[in-house]
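The next block holds one structure in the form of structure tokens; read it before the comments.
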Ligand SMILES: [Fe+2]
């Protein structure tokens, strides 16, 4: 089955005033949609790959993807996976669950220090890309990736991710990426992030 754009689990205005409705609408209906269309197009010559989840296509540096479409699947499949992930971890006014906060504190000294390091990774990503909190082996890491590269390509499990492409913030924040990052902390769905962390532990054990 070809990949399709799913509706967001909330309205475009749900993250106001931190992320504006217009940005959300364009980001979802234009940018995410375009990644999906281009991914489907890249897979046309290999229709059997439509049966695989996008995460499976990206795994192990796109091992299952033929060489001639690897570049396209890396960009557009990565764009599809990253955006699907991003919408899921956004929600306004969610407090971090106490258990997960303890995990963050044990890995990064304090919650503030974690936010500082993650924000620095997001701000320091030159050009377009993402900042991530990932589960890797038995610990959590903050990394950033260029373009639409996904942590899944290197076997790292995304727990939290921030899109720092200009399309994610330019309408409201123009060139002020630091302001966008600061506001974004208000719309992290910590319940979902905590669930993803729990699942990542489970997947390690299997
Ligand atoms: Fe984006």
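The values are calculated or read from the model by the stated rules, or taken from the named source; none is laboratory data. Every value quoted in this text rests on a predicted model; they were computed, and no experiment measured them. Neighbour counts are summed over all protein chains in view; Cβ atoms, including those assigned to glycine, are modelled from backbone coordinates with ideal geometry.
The figures follow:
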{"item": "1 or more residues surrounded by 15 or more Cβ atoms within 10 Å (Cβ to Cβ), on the phi < 0 side of the Ramachandran plot and modelled with pLDDT under 95: qualifying helices (runs of 4 or more DSSP H) within region 166-206", "result": "190-205"}
{"item": "Any hit, region 66-82, residues being surrounded by 14 or more Cβ atoms within 10 Å (Cβ to Cβ), in contact with a strand residue (DSSP E or B) (Cβ under 8 Å, 6 or more places away or on another chain) and modelled with pLDDT of 95 or more", "result": "yes"}
{"item": "Of all residues making up region 121-137, the number that are more than 16 Å from the chain's Cα centre (by Cα) and under 22 Å from residue 167 (Cβ atoms)", "result": "3"}
{"item": "Residues of region 18-34 satisfying the condition of being touching a residue at least 12 places away in the same chain (Cβ under 8 Å) and over 16 Å from residue 76 (Cα atoms)", "result": "18, 19, 20, 22, 23, 24, 25, 26"}
{"item": "Residues (under 15 Å from residue 129 (Cβ atoms) and in contact with a helix residue (DSSP H, G or I) (Cβ under 7 Å, 6 or more places away or on another chain)) located in region 161-183", "result": "161, 162, 163, 164, 167, 168, 169, 177, 180, 181"}
{"item": "Selected residue (criterion: farthest from the chain's Cα centre (by Cα)) from residues of region 19-58 that are within 16 Å of the ligand (Cβ to nearest atom) and in a loop (DSSP other than H, G, I, E, B)", "result": "20"}
{"item": "Filtered residues of region 119-165 (kept if more than 16 Å from the ligand (Cβ to nearest atom) and in a strand (DSSP E or B))", "result": "133, 134, 135, 136, 139, 140, 141, 142, 143, 157, 159"}
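Matching residues to (1) touching a helix residue (DSSP H, G or I) at 6+ places or on another chain (Cβ under 8 Å); (2) touching a residue at least 24 places away in the same chain (Cβ under 8 Å); (3) under 19 Å from residue 54 (Cβ atoms):
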{"position": "102", "(1), (2), (3)": "no, no, no"}
{"position": "113", "(1), (2), (3)": "no, no, no"}
{"position": "118", "(1), (2), (3)": "no, yes, no"}
{"position": "123", "(1), (2), (3)": "yes, yes, no"}
{"position": "126", "(1), (2), (3)": "no, no, no"}
{"position": "132", "(1), (2), (3)": "yes, yes, yes"}
{"position": "139", "(1), (2), (3)": "yes, yes, no"}
{"position": "143", "(1), (2), (3)": "yes, no, no"}
